[in-house]
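*Asks:* Before we start, here is the structure in question, set down as structure tokens.
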Amino acid sequence: MRSRSRVFFEQGGVAGFTHRAFAKSMGFDGDDLNRPIIGICNTYSELNNCNRHLRELAEAVKRGVLQAGGLPLEFPTISLGEIFLSPTSMLYRNLAAMDTEEMIRGQPIDGVVLLTNCDKTTPAALMGAASADLPCILVSGGPMLSGHYQDQILGACTDCRRLTAEYEAGTLDGATYREIEDGIVRSAGHCMVMGTASTMNSLTEALGMALPGNGAIPAVDSRRLRLAQNAGRRVVELVEEALRPSHIMTRQAFENAITLLCALGGSTNAVVHLPALAGRLNVELPLSLFDEISRRTPLIANMRPSGRYQMEDLFYAGGIPAVLNQLLPLLHGDTLTVTGKSLAENVQNAEVQNSDVIRSLHNALKPEGGLAVLCGNLAPEGAVIKHSAATPELMQHRGRAVVFHNIDDLHARLNDPDLDVTATDILVLQNVGPVGGPGIPEVGNFSIPRKLLQQGVRDMVRVSDGRMSGTAFGTIVLHVAPESAVGGPLALVRDGDEIELDVAGRRIHLHVGDEELAQRKSVWRPPQAAASRGYSRLYLDHVTQAPLGCDFDFLHGADPVQAREQPKF
Ligand code: FES
């Protein structure tokens, strides 16, 4: 049976004539068009610093495709950079996923290599590719080298926040603060602590969608070019084998990814992205599964912000294959991967080179993984805390709520010297969820009031329906669901209410009686819609809550491209 691209180019009549004639205008001849055609889906952008080197990686992929007898054709999709995009890149993750899916579906290609890097580009590309379900390998751009200031090693952006807090507290002078900007982000690549990009790109190995080593090879290390070239060679074989994402990303593969997430102390954002990706494949990943796996998975990667080291150190210590090797007793080792081998076969010879960076299961940093899922009358559908990066003394805490009604209110009052707030209070931020944000922005790790910083306070319990950057730290309860903008209990919290956080008991409780809460709900009104038109309107009308991944309700499930199909005209 002819391949998808062959059917397209060998079609009779004027359609086939134009397909071939216009392809020839690009310099391709009949021999070229007889080869498997591999799309290279590139999220390169000059407005996305993390993805700025992807053109070079695309050239490496092309070499590999050509060596294996394929024809590589590169195409762009939306690129989402964390730093320059407003109001939040998460608002556009689903748009990027739609772009990826529709371009894979619409073009006469037989397989695809996804080139991604910054936080949202990887889950968006995987979501789109999962729904289109054409043979596919993901190659990410890799982490930055570690940052430096004088003899200090710095991490973006864990130290951006830490140093800003010191500057705000008056313990770091302005000249030094500015000078540190020169060396904290010193190479191409994504943030080099175990933030969201490091997490998601590492999880691609456990999911089976990337070649071994993808997670940690530094962006500027030539081994990443060789990995990209190998991906180009391998994807041509994947087309011949008709091995699709839906064959690889099974429920067991997702459980492997969650196990790795917990062992790495990875980003809480993965608790949003993985259910969204799984939803594309009709795999359910309830929040309870994350908690269950976290309880049985020791934290073995000593990585910032939960631990001490950065991605460059992890690479030298053996990378993600070595972490997965240590985790094998907890993994489904027989899951299939894009190598054509099982996950266990991929990592069976991976050795740990530094046992302080990658611990064994018996010498773990913590006996449990870094994440906990909380429930209670304040979060009936769940909330998440990364307790591995939180203050142990605050894991059991009861305090008085100090409430901010939205981002503008937070900015207006947080540093007011007259704000009635003490170090034992619990700061609550409402209306920053999927609908309220909109786009569930990374504001859950909002700053501590300046007057408390100046008193030496460096952490407080903070509760919101927003997300936080994977590079952030602190005692921060996130993704409270249902969110306040749709009338969740978080909307009913008032200044002075008592809130109790009990991480060991997996509970977050608002000490206000049911009758009083019902009365407050009866007078509650939703905030004004954040958009009236365009993509943002579509987002508000269709976004799901955090436990379902904030995907659009109409994007759940797949609509696989037929690998060998007749064109529609
Ligand atoms: Fe892209 Fe941090 S800004 S990963």
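*Asks:* Between THR391 and THR424, what is the spin-label point distance in nm, taking each point 7 Å from the Cα along the Cα→C-beta axis?
*Replies:* Calculated label separation equals 1.3 nm.
*Asks:* Starting from the Cα of LYS451, draw a straight line to each of the aspartates and glutamates and keep only those under 17 Å, dropping any in the same chain fewer than 8 residues away.
*Replies:* GLU166, GLU168, ASP416, ASP418, ASP420, ASP425, ASP459
*Asks:* Continuing with this model, one more query. Multiplying the sequence separation of GLU498 and ARG223 by 0.36 nm and subtracting their Cα-Cα distance, what value in nm do you get?
*Replies:* Extra length from GLU498 to ARG223 when fully extended: 93.6 nm.
*Asks:* Rounded to the nearest 5, what % of DSSP beta bridges with both residues in the chain are antiparallel?
*Replies:* On the way: 24 of 54 bridges.
About 45 percent, rounded to the nearest 5.
*Asks:* Using Cα centres only, tell me the gap between segment 1-61 and segment 507-535 in whole Å.
*Replies:* First find each Cα centre; the distance between them is then 50 Å.
*Asks:* Something else: Could you sort CYS191, CYS118 by their accessible area in this structure, using a 1.4 Å probe and putting the largest first?
*Replies:* Per-residue accessible area, sorted high to low, gives CYS191, CYS118.
*Asks:* Just how much of LEU225 is accessible, in Å², when a 1.4 Å probe is used and the result is rounded to the nearest 10?
*Replies:* Near enough 50 Å² of accessible area.
*Asks:* Next question, about the same structure. With N set to the number of residues, divide the alpha-carbon radius of gyration of the chain by 2.2 N^0.38 Å and report two decimals.
*Replies:* In units of the 2.2 N^0.38 Å rule of thumb, it is 0.98.
*Asks:* Here's a follow-up. What list of whole percents do you get for P(r) of segment 347-402, with Cα-Cα distances grouped in 5 Å bins up to the one holding the largest distance?
*Replies:* For segment 347-402, the binned pair fractions read 4, 13, 15, 20, 16, 10, 8, 8, 5, 2, 0 percent.
*Asks:* Which lysines does LYS366 reach when only Cα atoms under 25 Å apart count, and residues fewer than 8 places away in its own chain are ignored?
*Replies:* Here the lysines satisfying the reach criterion relative to LYS366 are LYS386.
*Asks:* Let me ask another. For LYS521, go through the lysines and keep the ones whose alpha-carbon is under 24 Å away, minus same-chain ones fewer than eight residues off.
*Replies:* Output for LYS521: empty list, no partners.
*Asks:* If pairing requires two Cys Cβ atoms under 4.7 Å apart, which cysteines of the chain are left without a partner?
*Replies:* Lacking a cysteine Cβ partner under 4.7 Å: CYS41, CYS136, CYS191, CYS262, CYS375, CYS550.
*Asks:* Run the dipole for the chain about the Cα centre, Lys and Arg Cβ at +1, Asp and Glu Cβ at -1, nothing else charged, and hand back the magnitude in debye, nearest 20.
*Replies:* Around 1060 debye, computed over the chain.
*Asks:* Leaving out ligands and nucleic acids, note down the accessible area per residue over the chain with a 1.4 angstrom probe, in whole Å².
*Replies:* With all protein chains present, the chain gives 37 Å² per residue.
*Asks:* Obtain the nm distance between the two label points defined at GLU345 and GLU179 by a simple spin-label model: each point lies 7 Å from its Cα along the Cα-to-C-beta direction.
*Replies:* Result for the modelled spin labels: 5.5 nm.
*Asks:* Then there's this: Note down the net charge around GLY333, summing +1 for each Lys or Arg and -1 for each Asp or Glu among other residues with Cβ under 14 Å from its Cβ.
*Replies:* Every neighbour counted, the sum reads -3.
*Asks:* Between MET1 and HIS362, what is 0.36 nm times their sequence separation minus the Cα-Cα distance? Round to one decimal in nm.
*Replies:* Using 0.36 nm per residue and subtracting the Cα-Cα distance, I get 124.7 nm.
*Asks:* Using a cut-off of 11 Å between beta-carbons, work out the net charge of the residues near ARG280 (Lys and Arg +1, Asp and Glu -1, ARG280 not included).
*Replies:* -4
*Asks:* Through the Karplus equation 6.51 cos²θ - 1.76 cosθ + 1.60, θ set to phi - 60°, convert the phi angles of segment 137-151 into ³J(HN,Hα) values in whole Hz; use x for Gly and Pro.
*Replies:* Running phi through 6.51 cos²θ - 1.76 cosθ + 1.60 with θ = phi - 60° gives 10, 9, 10, 9, x, x, x, 5, 5, 4, x, 9, 9, 6, 9 Hz.
*Asks:* Same structure, new question: Grab every C-alpha pair in segment 285-383, bin the distances at 5 angstrom width from 0 up to the longest one, and report whole percents.
*Replies:* Spelled out bin by bin, segment 285-383 gives 3, 13, 18, 19, 18, 15, 8, 4, 2, 0 percent.
*Asks:* Grab the other residues whose beta carbon is less than 15 angstrom from that of ASP173, score K and R as +1, D and E as -1, and report the net.
*Replies:* Combined, the nearby Lys, Arg, Asp and Glu give -3.
*Asks:* Pulled fully out, how much extra length does the chain show between SER532 and GLN454, if you take 0.36 nm times their separation in residues and subtract their Cα-Cα distance?
*Replies:* Working: separation 78, 0.36 × 78 = 28.08 nm, distance 4.19 nm.
Taking SER532 through GLN454 to full extension adds about 23.9 nm, to one decimal.
*Asks:* Could you please state how large a percent of the accessible area of the chain is carbon and sulfur, counting protein chains only and using a 1.4 Å probe?
*Replies:* That fraction is 51 percent.
*Asks:* Any idea how far the Cα center of segment 393-462 sits from the one of segment 177-199, in Å?
*Replies:* 25
*Asks:* Based only on Cα atoms, what mean projected area does the convex hull of segment 433-493 have, in nm²?
*Replies:* Mean shadow area of the hull around the Cα atoms is 4.4 nm².
*Asks:* Sticking with this structure for a sec: Rounded to a whole number of µm²/s, how large is the Stokes-Einstein D of segment 366-437 at 20 °C and 1.002 mPa s, given Rh as the Kirkwood radius over C-alpha pairs? All intermediate terms of the calculation are to be shown ahead of the outcome.
*Replies:* On the way: Rh = 14.4 Å.
D = 149 µm²/s.
*Asks:* Taking a probe of 1.4 angstrom, what is the accessible area of ASP173 in Å², to the nearest 10?
*Replies:* 80
*Asks:* Might you work out the accessible area of ARG494 for me, using a 1.4 Å probe with all protein chains in place, and round it to the nearest 10 Å²?
*Replies:* In the full protein context, ARG494 sits at about 110 Å².
*Asks:* What are the DSSP H helices in the chain that stretch 18 Å or more along their long axis, judged by alpha-carbon atoms, and whose average Kyte-Doolittle hydropathy comes to at least 0.5?
*Replies:* Working: long enough: 54-67 (20 Å, -0.03); 93-106 (19 Å, -0.60); 222-241 (29 Å, -0.68); 251-264 (20 Å, 0.78).
The qualifying helices are 251-264.
*Asks:* Go through segment 550-562 residue by residue and turn each phi into a ³J(HN,Hα) via Karplus (6.51, -1.76, 1.60, θ = phi - 60°); whole Hz please, and just put x for glycine and proline.
*Replies:* Karplus values, whole Hz, x for Gly and Pro: 6, 7, 7, 4, 7, 9, 4, x, 10, 9, x, 5, 6.
*Asks:* Another question about this same structure. Could you run the Debye sum over the Cα atoms of segment 417-530, one equal point scatterer each and no solvent, and tell me log10 of I(q)/I(0) at q = 0.18 Å⁻¹, two decimals?
*Replies:* Each listed q corresponds, in turn, to -1.00.
*Asks:* Residue by residue through segment 386-399, what is 3J(HN,Hα) from phi via Karplus (6.51 cos²θ - 1.76 cosθ + 1.60, θ = phi - 60°)? Round to whole Hz and write x for glycine and proline.
*Replies:* Values per residue, Gly and Pro as x: 9, 6, 5, 10, 10, 8, x, 5, 9, 5, 10, 8, 10, x Hz.
The values are calculated or read from the model by the stated rules, or taken from the named source; none is laboratory data. Since the structure is predicted, the reported quantities are computational estimates derived from the model, not experimental observations. Cβ sites come from the backbone with ideal geometry, for glycine too, and all protein chains shown count toward neighbours. Surface areas here come from the heavy atoms of the whole protein model, side chains and all, with no ligands, DNA or RNA. Shrake-Rupley method; radii C 1.70, N 1.55, O 1.52, S 1.80 Å.
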